[in-house]
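Student: One structure follows; several queries about it will come next.
The values are calculated or read from the model by the stated rules, or taken from the named source; none is laboratory data. Keep in mind the model is a prediction, meaning the values are calculated, not measured. Glycine gets a Cβ as well: all are built from the backbone with ideal geometry, and neighbour counts include every protein chain shown.
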Amino acid sequence: MYCHSHPYRTATNTCSYCTHPLCEFCTVESGGKVFCRPCLAILKEKSFIDVPPSTKLNFGTLFLLSFLPGINFMYLGLIKRGLATLTGFFLIIYLLTLGLVRPLPLFLGLSIPVYILASMFVGFGVRRRICSGEVVHDDVSRMLSSLFKSKVFLVILILLGAATVVFTIVGFAFSLLRQLLPIVILIVGVYLIVRHRNRKE
């Protein structure tokens, strides 16, 4: 038998209210009974029971898993969100290794840590909501909507875009200088030889 919310996980309990099979991540105990999170939220709203804090979502484990963005969400039971985040992370790495975004070292130094930190803090926020008994939906469209509404995310995008423009211009200038340098050296050399000969005469 598999969990009602996570069909890929084996059920270990059954909700006392709706009787749906539950995996260990969906299980919340209260008053000696087992509930799923949606039912617990309903019962809490009706003031039938108090919501106990969850101890199954270990903070240390979540912190370590956050260094590979997306895995932390999977640990929290949000598989769709985790797959979307992980796909985005590997897409950034793929584009960077192609060299489509230059300079490569700059973006390897900025994009990846920013992505990891963003995923980490969002993951901690989701854990806090789950531990408080709130029902967190595994909805990618909501995640993207909240992400694009975030001022911090928009500022980061603008800064990365500005950095790309600046470093592209600087890179072009250095490339041009490197190509013109032999010609400049040749002209200076010819000028010095001519000047030296004129002095002798």
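Student: Where the second residue is not small (Gly, Ala, Ser) and not in a helix (DSSP H, G or I) and the first is in contact (Cβ under 8 Å) with a residue 40 or more places away in the chain and not assigned by TED's automatic domain parsing to the domain that holds Ser111 and lies in the range 163-182, which pairs have Cβ atoms under 8 Å and are six or more apart or on separate chains?
Tutor: From the range 163-182, the pairs are Thr164/Val101; Thr164/Arg102; Phe167/Arg102; Phe167/Pro103; Thr168/Arg102; Gly171/Arg102; Gly171/Pro103.
Student: Select from the range 71-83 the residues that are of a type in the set (A, V, I, L, M) and assigned to a loop (DSSP other than H, G, I, E, B) and list them in ascending order. I'd like the intermediate steps shown before the answer.
Tutor: Just the residues of the range 71-83 that are of a type in the set (A, V, I, L, M), to begin with: 71, 74, 76, 78-79, 83.
Passing the criteria: Leu76, Leu78.
Student: Would you be able to say whether some residue in the range 125-138 is loosely packed, with under 12 Cβ neighbours inside 10 Å, on the phi > 0 side of the Ramachandran plot and modelled with pLDDT under 75?
Tutor: So far as the range 125-138 goes, no, none of its residues is loosely packed, with under 12 Cβ neighbours inside 10 Å, on the phi > 0 side of the Ramachandran plot and modelled with pLDDT under 75.
Student: Okay, next question. Please state which one of Leu86, Leu100, Leu68 is outside any helix (DSSP H, G or I), modelled with pLDDT of 75 or more and farther than 30 Å from Glu29 by Cβ.
Tutor: Step by step, each of Leu86, Leu100, Leu68 is checked, and only Leu68 is outside any helix (DSSP H, G or I), modelled with pLDDT of 75 or more and farther than 30 Å from Glu29 by Cβ.
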